[in-house]
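Laboratory data are not the source of any read-out in this text; all were calculated from the coordinates shown. Everything numeric here is computed off the predicted structure, so don't read it as measured data. All Cβ positions, even for glycine, are placed from backbone atoms using ideal geometry, and neighbour counts span all protein chains on display.
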Ligand SMILES: Cc1ncc(COP(=O)(O)O)c(C=O)c1O
């Protein structure tokens, strides 16, 4: 059952203070807070580096570039989502392939639809945790593992 209130933001005094301190410091783009966030994020994920971006649209675009996705490639994405999850695929000249959602009780991309849509041109899957409702990665990740070719995305017919 979906029960995450979209507009009851969990912001308290701590967040207000942090924003206020940042504005007063005049570092409103990159700067010490940005550095702190990247370090904390890298620690949380147990990786060497993390890079923050100004918004999610640019992060998705960068992800496509880093995966070297481009013309002739297909990328699976949910049919119910925000435009950015599809725009990032088009920005690099690849073709979005829409997969239906699971249903009324789960508005995330359906793993069954993913499996049906994989071709030898599929290179990636954009999974959206729609409105804060986590997608079942336990069902999606095995599909990536089954069909992926190390370093070169997917290939169903290999
Ligand atoms: C699922 C999803 N992806 C990407 C974005 C884009 O985020 P941003 O506005 O930070 O570029 C949004 C924005 O609402 C979103 O809902």
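Based on the Cβ-Cβ distance of residue 40 and residue 7, what FRET efficiency does E = 1/(1 + (r/R0)^6) give at R0 = 25 Å, to the nearest 0.05? Here the calculated transfer efficiency is 0.45. Legend: Rg and Dmax of the stretch 50-158, from Cα coordinates, 13.3, 39 Å. Using the Cβ-Cβ distance between residue 137 and residue 26 with R0 set to 41 Å, the FRET efficiency works out to roughly 0.55. Among 29, 144, a tally of other beta-carbon atoms within 10 Å of each Cβ gives an order, fewest to most, of 29, 144.
I need 67, 88 ordered by Cβ neighbour count within 10 Å, fewest first.
In order of increasing Cβ crowding within 10 Å: 67, 88.
Where the centre of each part is set by its Cα atoms, how far does the stretch 82-124 sit from the stretch 43-72, in angstrom? Between the Cα centres of the stretch 82-124 and the stretch 43-72 lies a distance of 18 Å. Here the residues 122, 30, 102, ranked from fewest to most Cβ neighbours within 10 Å of their Cβ, fall in the order 30, 102, 122.
Calculated mean residue ellipticity at 222 nm for the chain: -12000 deg cm²/dmol, from DSSP H runs with n ≥ 4 weighted as -39500 (n - 2.57), summed, divided by the residue count and rounded to 500.
So how do 125-137, 33-45, 6-18 stack up, highest first, on mean other-Cβ count within 10 Å? Intermediate values should be presented prior to the final figure.
On the way: 125-137: 16.2, 33-45: 12.4, 6-18: 8.3.
Output ranking for 125-137, 33-45, 6-18: 125-137, 33-45, 6-18.
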